1. Starting from segment A:245-271, keep only residues that are in contact (Cβ under 8 Å) with a residue 40 or more places away in the chain, then list their pairs with residues that are assigned to a helix (DSSP H, G or I) and within 6 Å of RNA strand B (Cβ to nearest atom) whose Cβ atoms are within a distance under 7 Å, requiring at least 6 positions of separation or different chains.
2. Quick check, is residue A:280 touching a residue at least 40 places away in the same chain (Cβ under 8 Å), closer than 23 Å to residue A:113 by Cα and more than 10 Å from RNA strand B (Cβ to nearest atom)?
3. What number of residues within segment A:269-278 are surrounded by fewer than 20 Cβ atoms within 10 Å (Cβ to Cβ) and touching a helix residue (DSSP H, G or I) at 6+ places or on another chain (Cβ under 7 Å)?
4. Which number in (1) assigned by TED's automatic domain parsing to the domain that holds residue A:199; (2) crowded, with 20+ Cβ neighbours inside 10 Å marks the one condition that residue A:8 misses?
5. Only one of A:414, A:364 is over 18 Å from residue A:319 (Cα atoms), surrounded by fewer than 16 Cβ atoms within 10 Å (Cβ to Cβ) and within 13 Å of RNA strand B (Cβ to nearest atom). Can you tell me which?
6. Which of the numbered conditions does residue A:407 fail, given that it passes all the others? Conditions: (1) modelled with pLDDT under 95; (2) within 27 Å of residue A:116 (Cβ to Cβ); (3) in contact with a strand residue (DSSP E or B) (Cβ under 7 Å, 6 or more places away or on another chain).
7. Please give the number of the condition residue A:257 fails out of (1) at pLDDT 95 or above; (2) within 16 Å of RNA strand B (Cβ to nearest atom); (3) surrounded by fewer than 21 Cβ atoms within 10 Å (Cβ to Cβ).
8. Based on what the data block shows, is residue A:115 assigned to a helix (DSSP H, G or I), surrounded by 22 or more Cβ atoms within 10 Å (Cβ to Cβ), modelled with pLDDT of 95 or more and out of contact with any strand residue (DSSP E or B) (no Cβ under 8 Å at 6 or more places or on another chain)?
RNA sequence: GGUCUCGUGGCCGAGCGGUUAGGCAGCGGUCUGCAAAACCGUCUACAACGGUUCGAAUCCGUUCGAGACCUCCA
């Protein structure tokens, strides 16, 4: 599939248009995605972003790229509020729960991994933590200071945005003009140390009661939030790499600051392609921890949230997110989920049918052309909804072959099977619905269906319906086809 | 207040200058002991008003509505 690599286009937030993807090093891709701050449980909105980039990662792998995927864990330095006076989020949580900060970090890191694993996200190649890279962050601050783009005040170091803007465009990514930013910024407490309110902290002096702190050339303190991503992406991907992703809400100021830090320390912009995933909305509003407008994955799998009619499996939720483009907002409702669940089952039924199909002399449709549409969709900025629509064309074809209303040649069948399985399982990351002890159940079901078939042959509908209803109560659906019955 | 995005049929959601997106739901058939599934057919669209164009959901303008960012958030 290597020739298909040359046809991938990615929407670059920096330029505002789709650009042909050309990696810095042939066949290799460096991908960095901003991870979570582990001070509470991840909600569904967070998960959508990580699923979006999981799709990107998976498709790049499918195209044959060797991808180094780095996604951080923020375990220090993320302040609770603006003005750089707020408490560290993790430290605050630790104080409230009377725990060590690292106990908080551990608890929610495990939760994060569990949930992403449920959604069948591939783990990143490297998952660095901010606290594990204090030295790298200090080194980067030193470089920025020596290049003249940062200054120290009372043991804290701030990035000098106005000075930086003289040489580099600040606000390029988010499309902001520095004058607007200056006039639009509010006066907040605790900013006396800064030369300008736009300046952001690279290092913060820690008060004596502060729990998480480290020694530095400027005294005891802790790193600013924006710095960790710059330090860790540089360490593992170099000072210039291919793709940087994250949620739309990180575009400003976080990613803007990352660009500034990169330029200020190395003289060049750190990233070629910036990608931003859009938000998941609930009741028309962004899902958000701080406003409480969110649903937790565990509530979803258990069906315990009042906003949901019932429980939904991780694969259904994943399929639901894949039916919308990653750059569009997606509205979350039980009704939409129900529709996705039905569609998901139909897709998976067809996929399971694939190996059981009989081949013919020739194919009644152009199978190669059908497969090509899968690539066309994904090459157009990872357009998963189009891919899904095209897969449903394949579903129709598969069912028609199964009904004897269409034909497929042996070679086309093996090709189609290979590609569909690749796109459904490897690219979209969907899984067949979790079946209960299928290996043990299989012979039992064969026996039960055989008995029912005998009853049907004798026109003993009472017995046959009794078996069908009984199985339905056990969560097993029986479908009667021309060539006998199947169950699922 | 500033910057920006969006407004598609009952619901979710693609498309972004000329073709049926797709899924779910609905309706009519085929099949079936019945049901389910599957298949075939079918109905609802592009917020409003102007403009550009041979042609606009798609480009431009205005209005209305919703949302995001500007402050922690994926």
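The values are calculated or read from the model by the stated rules, or taken from the named source; none is laboratory data. Computed from a predicted structure; not experimentally measured. So basically every Cβ, Gly included, is an ideal-geometry build from the backbone, and we count neighbours across all protein chains shown.
1. A:247/A:49
2. no
3. Total satisfying the criteria: 2.
4. The failed condition is (1).
5. A:364
6. Going through the list (1) modelled with pLDDT under 95; (2) within 27 Å of residue A:116 (Cβ to Cβ); (3) in contact with a strand residue (DSSP E or B) (Cβ under 7 Å, 6 or more places away or on another chain), residue A:407 breaks only (2).
7. (3)
8. For residue A:115, the condition - assigned to a helix (DSSP H, G or I), surrounded by 22 or more Cβ atoms within 10 Å (Cβ to Cβ), modelled with pLDDT of 95 or more and out of contact with any strand residue (DSSP E or B) (no Cβ under 8 Å at 6 or more places or on another chain) - is met.
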